[in-house]
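This report concerns only the one structure given below.
Values in this text are rule-based calculations from the coordinates and carry no lab data. Every value quoted in this text rests on a predicted model; they were computed, and no experiment measured them. Virtual Cβ from ideal backbone geometry, glycine too; neighbours counted across all protein chains shown.
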Amino acid sequence: MSPERLVRQLPLLGCVLYVPRRPTALATESCISGVLLAHRELAPLLLTRSLAAASAITEDGPREWLECMDDQGQLHARLHLLPDTDYLAWDALLQLADMEAPTMLLHGYRSFQPGEARLVSFRHRELAGLSVLEAAQPQAISNLGRQMAKRIAQAEAIVLQGAA
C-alpha cells in the first residue's frame, strides 16, 4: 500500500489507538512528495509500504490491530481496532492493503520500540495541491473504547496520551 493511499484511507476508520515507533531521526525517504503531516508523530505512517493484520486473544477478549511496515518488513506503527472504530472501513482497508505473509513480521517485530500511544481520529484534507494528514483527539469515545485503549497501553508498557 502506498503511503498516499493510506493517508486517504485512515480518516475513514474513525477512532483508533495509534502506536508509532519511538521517535528517532527518520530518514529522508519518510518524506513523500505531495504529502504533508500536521504532526511529527505521524511520520512513521509515511514509511508504510505494507500492512499486516494481527490479533490476539487476551484475558480481556480478542484484540485486533494493523502492523505498518516498510519495504524491509521493519515495523513502524500499529493501529489498534477499538469498539469506536468503523469496522466496515477497517475491513475495506484490509481489502485494499497488499497483505504481507506473517513471516515478514519476524524481521522488524523484535526491534519495534513503541512510543506513546494516542487515541486519534485521522483527518485528510487538500491544501494547495498537497495531501495533509492530521490526527486529532476523537470528539467522542465510549467508556469501553477508552478502557480498552488503557489496557492495551498497559499490556505494552507504554504511556497513553489524552485518555483522561
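Data table
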read-out: Cβ-Cβ FRET estimate between Asp86 and Ser111, R0 fixed at 30 Å, reported to 0.05; value: 0.45
read-out: By average C-beta atoms within 10 angstrom, highest first, the peptides 139-146, 125-132; value: 139-146, 125-132
read-out: Karplus-derived 3J(HN,Hα), 6.51/-1.76/1.60, for each residue of the range 54-70, Hz, glycine and proline x; value: 9, 8, 8, 9, 10, 5, 8, x, x, 10, 9, 8, 10, 9, 9, 10, 8
read-out: Extension gain from Ile57 to Leu12, taking 0.36 nm per residue of separation minus the Cα-Cα distance; value: 13.6 nm
